[in-house]
Amino acid sequence: MKRTSTSIIIIRLLICTVIFVPPCCTENWYLELDISDVNQEIQKVVEIIENRYRSEDIILSNISRLIIGSPVYGQMIDSMPSKEGHSGSRNAEIIYEVTRSLKNTYCLSYGLSDIQCAKDLTKVNLTGTTLGEMCMAEYHNNNYSCIGKDFDYRSLDGSCNNLKRKYLGKANTPYKRLLFPVYKDGVYEMPNINDEMLPNPRLVSTNLVKDEDSPDQTKTMMMAYWSIFIGHDLSHTTVSTIGKENRFVNCCDKDKSIQYSLNKNIRSCKPIFIPDEDRFFKPDPFDYMNCMNYVRSRPAVRSDCTFGPMEQMNQATHYLDASMIYGTTEQQTLSLRQMSLGKLLVQKKRFIIPSWDIMPLETTDTNVCQNGPGTCFRAGDIRANALPQLNAVHTLWVREHNRVAGELYKEKIFLTDEELFQEAKKIVTACIQHITYNEWLPALLGVNYTKENGLGLGQRTTYDETADPTVSNSFATAILPFANSMISDSIRITDTYLYPPGQPTLKEHYNKPLILGSLVTHVINDMLIGLTMQATQKVDMLFTQSITNYLYSIDPNDSFGMDILSLDIQRSRDHGIPSYTQFRKYCGLTDIENVQDLSEIMVEGSADKLLKLYKTWNDIDLLVGALLEKHVDDAMVGPTMRCIIKEQFVRTRIADRFFYDVPGVFSDYQLENIRKVTLARVLCDNADIELMTLEVFSRPAVYDHSVHGCISTLIPNMKFIGWFDKLEDNFFGIK
């Protein structure tokens, strides 16, 4: 009897083992994938996606085009995808759809989690599949095209900076991951707020944000706009287009039946629905604003040419290379050039005074100006027109380029237009790099911290060809938006006689750059001086309503706009950015184990608010947590944000073959002069002023006691005499 019972037990255990224990080969299950099976999946997916495009076109054929001047039209301009990245994004859609199909076919039978399956599929190379040649051609083949580039100036699109991996840092390539992405299905699905733990982004915004003045009396408003300026140099996330015509779509159409159809059938439509208790949007008597348009970001083919979770495309180059001034394509750059004397195109307001020059009007591209062609300026970055002070900073550097080109021409009049342009561009880029590392980063992160963490300029940069310059997704998506909390609705104009009565506001002038410029051209210079006098707002959860309720609204009769914080939170979730607590672990910071821990690291009163929105601190969005963190030492930000910013700018420096102080990029004499450059000097040379503070990002207690004459040796000039005399020291030099 006992023997029988024992036998039955053994048999039952064996059955349980067969049924519930994964096979011994589970760990490397992906090695058993048959290429022919994978190609069949690819073929099926291609047909599915082609059918999807056709159905999208049918849906869109019944929808009118976006209205020029509308908030959604302004949103389209801000996130307009380029033609150059189109084929890559469409190939990426196929790859991620195949990834999900493979996951559903194989991983369930192996008992693997979605995230583990996605991680395993990143080990499956596209080589040998029908998609392999496409990816290899983009990222790994044709490195011979970089031959000879070691003696040239940097390319416009960032390619061939790294001579062994030409695609590193190139425009229209994916962001880098610091942590593995978190998607609902492990591949690309966003969390659904109706059945997930994450709160509605607009609900987060309305519960945490206040529109109150919170000035940092030690820092100037130039901190905010320099942050945005160089942020645009490093990152430009654009949206997915719809159908075969690559149209931008408004997922929040006023016609509710159309809106329903769009959100049911257009997979990239992920609007933010307005909560019933929203005090700003819900008073709309017609309920037009029941949602805020959000279209998912443009995907990119993974640079390692594998399957795996979705990555997003960076339309900018990944280098600090002044691409926001010069553009990233030859066509774009040519449209910005004067094509003589190495200069950029400008409008001359006073023939003999270059410091009154302004950028040319954009009259050809119909999708750049929110009010239509001819109502904004042409720039290297489409976002230059949104904020008046940002437009002024762009104008400043266009003038500086032309000033430098003029000095170079005086020094060597036989140089061609192309030679003058390339050398002036190289010098301007070097100046922006120097100001960023020498002035801006210490002001933002703390002087000692930058010196001790690979950001100081005490020693020259050693180029590391094995380093990766790629901008991290977390930095671009959830950290760079910190600058939005620093801007103010008031625009400081130093000469109020020229702008009666009172000071202009951001709400009045958002995406309307010509109004201030047409009033009097000198207002641009007054705005630049104002940026050095006005206190910046602190990095926190206090935002001006101009960007949390009226974003992209330019019609004074429009009662609604959009909310920049809601959109940034939604974008973080779209990109699968892990939570705030996960990044604290990444940065080696203490774990949060209870409410007391959370209260100690967050600003007073915010921990309770967070836990009323999020079910657990482990769900807090990275951007939200980083904005509410207590600041550390003499930094303007908290430790998590500082860690991610540091990580990015260390790589941005050492992975750039053309970084200005890498030996050989400039001669010793040239580098000595570039190191003299300060933002104060650039303002003195190009803003028609006579007095300036020495440290533009720092705000003195008494302004009048801290200014110096622009002719003072305390604000040294860059000297161009003998600039070309020692080019034998420069292996990147003109022969």
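The values are calculated or read from the model by the stated rules, or taken from the named source; none is laboratory data. Please read all numbers here as calculations on a predicted model, not as lab measurements. Here the Cβ positions follow ideal geometry from the backbone for every residue, glycine too, while neighbour counts run over all protein chains shown. Each accessible area value is taken on the protein alone, full model and side chains, heavy atoms only, with ligands, DNA and RNA left out. Shrake-Rupley method; radii C 1.70, N 1.55, O 1.52, S 1.80 Å.
Quick rundown of the values:
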| quantity | calculated |
| --- | --- |
| Mean ellipticity per residue at 222 nm, deg cm²/dmol - from DSSP H runs of n ≥ 4 across the chain, formula -39500 (n - 2.57) | -11500 deg cm²/dmol |
| Loop sites in the range 569-666: trypsin sites (Lys or Arg not before Pro), DSSP, at most 16 other Cβ within 10 Å | LYS615, LYS630 |
| Diffusion constant of the range 545-604 at 37 °C, which comes from Stokes-Einstein with the Kirkwood Cα-pair radius and 0.692 mPa s, µm²/s | 229 |
| Two-decimal Rg to Rh for the range 384-450 - Kirkwood Rh, Cα set | 1.11 |
| Calculated FRET efficiency for the pair ILE352/ASP633, C-beta based, R₀ 60 Å, to 0.05 | 0.80 |
| In the range 220-270, chymotrypsin sites (Phe, Trp or Tyr not before Pro) in a DSSP loop with at most 14 other beta-carbon atoms within 10 Å | none |
| Cα-based radius of gyration of the range 174-283 once divided by 2.2 N^0.38 Å, which approximates compact folds | 1.41 |
| Cα Rg, Dmax, the range 202-356, angstrom units | 21.7, 60 |
| Heavy-atom accessible area ranking, 1.4 Å probe, most first, across ILE515, ILE59, ILE711, ILE435 | ILE711, ILE515, ILE59, ILE435 |
| Percent carbon-and-sulfur accessible area, the range 339-498, ignoring ligands, DNA and RNA, probe 1.4 Å | 52 |
| For peptides 40-53, 158-171, 523-536, 197-210, sequence by mean Cβ density within 10 Å, most packed first | 523-536, 158-171, 197-210, 40-53 |
| Accessible surface, per residue, of the range 98-142 when the full set of protein chains is kept, probe 1.4 Å, Å² | 47 |
| Dipole magnitude of the range 28-88 about its Cα centre (Cβ charges: Lys, Arg +1; Asp, Glu -1), debye to nearest 20 | 460 |
| Given charges at beta-carbon only (K, R positive; D, E negative), |dipole| of the range 58-118 in Debye | 120 |
| Principal axes of the range 290-406: Cα extent on each, largest first, Å | 58, 41, 24 |
| Over the range 246-321 - Rg/Rh using Cα atoms and the Kirkwood inverse-distance radius | 1.13 |
| Sites SER109 and ARG54, calculated FRET efficiency, Cβ-Cβ separation with R0 30 Å, nearest 0.05 | 0.35 |
| Gain upon complete extension [GLU32, ASN618; 0.36 nm per residue less C-alpha separation] | 207.3 nm |
| Qualifying chymotrypsin sites (Phe, Trp or Tyr not before Pro) for the range 378-483 [loop in DSSP, other Cβ within 10 Å: at most 12] | PHE414 |
| Length released on extending from GLN40 to GLU690, taking residue separation times 0.36 nm less the Cα-Cα span | 227.0 nm |
| Options VAL45, ILE35, ILE58, ranked by Cα towards positive dipole end of the range 26-88, top entry (Cβ charges) | ILE58 |
| Heavy atoms of LEU31: accessible area, 1.4 Å probe, square angstrom to 10 | 120 |
| Dipole of the chain, positive end: most advanced residue of ILE711, THR548, ASN161 [Cβ charges, Cα centre] | ASN161 |
| Options LEU396, TRP440, ASN314, ranked by Cα towards positive dipole end of the chain, top entry (Cβ charges) | ASN314 |
| Average projection area in nm² (convex hull over Cα atoms of the range 563-635, one quarter of hull surface) | 5.5 |
| Two-site label geometry, ALA137 and LYS164: point separation in nm, points 7 Å out along Cα→Cβ | 2.7 |
| For the range 340-379, the Rg and Dmax computed from alpha carbons only, in angstrom | 11.8, 33 |
| Rg over Rh [alpha-carbon atoms, Kirkwood Rh] for the range 620-679 | 1.18 |
| Rg [Å, one decimal], Dmax [Å, integer] - the range 92-167, C-alpha atoms | 17.4, 55 |
| Between 0 and 90°, nearest 10: helix 564-574 axis offset from the chain longest Cα axis | 40 |
| Lys, Arg +1 and Asp, Glu -1 on Cβ, resulting dipole of the chain about Cα centre, debye, nearest 20 | 780 |
| Kirkwood Rh, angstrom, the range 546-683 [1 / mean 1/r, Cα pairs] | 18.5 |
| Net length gained if the chain between SER559 and GLU84 were fully extended (0.36 nm per residue, minus Cα distance) | 167.4 nm |
| 50 Å tail of the calculated P(r), the chain, as % of Cα pairs | 15 |
| Over the range 300-447, relative contact order from alpha-carbon pairs under 8 Å, at least 6 apart, % | 23 |
| Sorted peptide list for 115-128, 291-304, criterion being average Cβ within 10 angstrom, highest first | 291-304, 115-128 |
